[in-house]
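Structure record follows, encoded as C-alpha cells.
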Amino acid sequence: MKNNKYFLLAGAFKILAVIIFLAFAANAQNTVIKVGHLFDARSGKMLDNQIIIVENGKIKEVGANLKFNKTDKIIDLSDSYVLPGLMDCHVHITTNLSYRARDWNDKYLTESNALRAIRGSVVAGQFLDNGFTTIKDIGNDGNYATADVIKAIKKGWIQGPTIIYAGKIIAPYGGQSGGINPENEHFWDFEFIDADTPDEIKKAVRKNIYYGATVIKMVTGDNGIYDAEDIKAAVDEAKKYGMKVTVHVLNEGLAADNVISSGAAAIEHGHSLNDQELQLMKDKGMFLVGTDFSYDNWFAYGFDEKTSRKRTDVVVDRLKRAYKIGTKMAFGTDIVIDLPGMNRVGSSLKVLESWNAAKIPPSYILQTMTVNSAELLGLEKSKGVLEKSFDADIIALKNNPLENIENVKTVRFVMKEGKVVRQD
Ligand SMILES: [Zn+2]
C-alpha cells in the first residue's frame, strides 16, 4: 500500500514536470530577425527576404517564409544587408605607436602592462562595435596583457569580440628589436620569447599556452631565419593541444620558403612573395594573411611619400597575383598606428584601399573577412557563416557591400552569440 502511494505520487510529479516544461517551452522567447538581404558567405551572393531564428545564442533556422511564435522578439532588418560577424586575423589591440614615429622601444619602457590592457579593452570594444565579432590578436601585447582583456570580456566586465590569442611572439634571438646595445640584452623580453632551437621553441609554445594562448605566432627573417625544422617543432607541439602556428615573414626568399615547407597554417604579411611561393601555399592549403597597408598606413609609420607609394604598390601587386593564383586568403590588417581623427577600426579598414586597387571583387573580400577567416582560426564549425547551429554572430550594414566594399563601414547592428550589442 505504502509502495503504491509512493508510485502514484512519483507519477503525479512526473506529469507535473512535463506540464511545466511544455508551458515553459511554449513561452520560450526566440529572437526572429527579418532580413532584407543576407550574405551567403559560401557562395558570395546576397539572398533576399530571409528570416533568421536565434535561440540560446545560436542560429536555430535560416530561410524564407519561416514560421515563428507570436511571443518571439522581432528584429526588423528588412532594409539592411546582413552578414556573418566580420573577422580580422591580424590585430594588436594593446599596442599603439605614435603617428610617424615608430617608437616601439620608447613604448616598451613607458607603457606598463596595466596601461596596455586598458588600451586593449578600449580597442576590443571598437572592433565589436564596428562589426568585428572575432579577432586574432597575435603578440606585441607586453607581458600577456591581452590575456587579461580576454578574461574581462569573459567575466562580462567589458564587451568585446571573441579573441584568438597568441601570447608572446616566439622569435630568434632579439625578438623584433634592432639596434639594442649588449648592456640592455633581453630588453625585448617584455614582448618576445627568444627561442633558437627546437627544444627552446617547444618550451616557448608550452609557456604561451600556459598563459592563455590559443594560436602560436612566430617571427622569422627579421633577426635571424628559422629552419623549416624549427617551425615544424612548433607546429608539432601546438598540434598536441589542437592549435595552429602562424608565422610572420615579410618578403620572398629563404625565410618564406622555410615557413612554406614547415606545415604552418599561415604566413602573416608576405608582402613580396613570388608566384612560385604563392603557388606552393595554394597547393598546401596554406593561408596568406596579407596585412595589405594602404598608402596612409605606410605613411603613418614615418616613411616618406615615395617609399610609402612604393610599398603600397608592392602589396597591391602581391594581392593581385595571390588572387589570380588562388592562394587562400584571410583578412588581416595589422594596424598599430591610429590615423589622425580615426579610431583603430577606421585606421585598419584603410587596407581596403589596397584590395580595391588590386581589383579584388567585394564578394571575395567579404569571404576573406568571414568564412575564410573562420577556417584559418579553426572556427569553421561555429562561426563565419549564417547557417543552422552556428553561433549567432550577426551584423547589419546600411548599404550594399557587394556594390562597394567600403560599405562595410556602414554598420548599424551587431549581435554577438545571440546578444545585441549595437542597434542604431
Ligand atoms: Zn603584426
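The values are calculated or read from the model by the stated rules, or taken from the named source; none is laboratory data. All figures in this text were calculated on a predicted structure; none of them were measured in a lab. Ideal geometry is used to build each Cβ from the backbone, glycine not excepted, and the neighbour counts take in all protein chains shown.
Just give me the residues in the range 128-157 being among the β-branched types (Val, Ile, Thr) and part of a helix (DSSP H, G or I), in sequence order. Before you say what the answer is, go through the steps one by one.
Step one: filter the range 128-157 for residues among the β-branched types (Val, Ile, Thr), giving 133-135, 138, 146, 149-150, 153.
Matches in the range 128-157: THR146, VAL149, ILE150, ILE153.
So which residues in the range 228-261 are within 16 Å of the ligand (Cβ to nearest atom) and assigned to a loop (DSSP other than H, G, I, E, B), if there are any at all?
If the condition is that a residue be within 16 Å of the ligand (Cβ to nearest atom) and assigned to a loop (DSSP other than H, G, I, E, B), then LEU250, ASN251 are the ones that fit.
Looking only at the range 76-88, how many residues end up being crowded, with 21+ Cβ neighbours inside 10 Å and either in contact with a Lys or Arg (Cβ under 6 Å, 6 or more places away or on another chain) or part of a strand (DSSP E or B) (or both)?
Number of matching residues: 9.
Mind telling me which of the residues GLY174, GLY160, GLY125 ends up being more than 16 Å from the ligand (Cβ to nearest atom), assigned to a loop (DSSP other than H, G, I, E, B) and within 28 Å of VAL82 (Cα to Cα)?
GLY160
What are the residues in the range 36-49 that are farther than 13 Å from ILE75 by Cβ and not in a loop (DSSP other than H, G, I, E, B), if any?
Within the range 36-49, HIS37, LEU38, PHE39, ASP40, LYS45, MET46, LEU47, ASP48, ASN49 qualify.
Yes or no, residue by residue, for (1) within 16 Å of the ligand (Cβ to nearest atom); (2) crowded, with 23+ Cβ neighbours inside 10 Å; (3) of a type in the set (Lys, Arg):
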| residue | (1), (2), (3) |
| --- | --- |
| HIS90 | yes, yes, no |
| THR95 | yes, yes, no |
| TRP104 | yes, no, no |
| SER112 | no, no, no |
| ARG119 | yes, no, yes |
| ASP129 | no, no, no |
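Give the number of residues within the range 374-424 that are of a type in the set (Asp, Glu) and more than 30 Å from VAL245 (Cβ to Cβ). Don't jump to the end; show me each part of the working.
Narrowing the range 374-424 to residues of a type in the set (Asp, Glu): 375, 380, 387, 391, 393, 403, 406, 417, 424.
Retained after the next criterion (residues that are more than 30 Å from VAL245 (Cβ to Cβ)): 403, 406, 424.
The qualifying residues number 3.
If the Cβ limit is 8 Å and pairs must be 6+ apart or interchain, which residue in the range 291-311 that is more than 12 Å from SER354 (Cα to Cα) and of a type outside the set (S, T, N, Q) pairs with which residue that is away from the ligand (no atom under 14 Å from the Cβ) and in a loop (DSSP other than H, G, I, E, B)?
Listed by first residue and then by second, the contacts come to PHE299/ARG100; ALA300/TYR99; ALA300/ARG100; ALA300/LEU339; TYR301/ARG100; GLY302/ARG100; GLY302/ALA101.
Please work out if ALA264 is modelled with pLDDT of 95 or more, within 16 Å of the ligand (Cβ to nearest atom), crowded, with 21+ Cβ neighbours inside 10 Å and on the phi < 0 side of the Ramachandran plot.
yes
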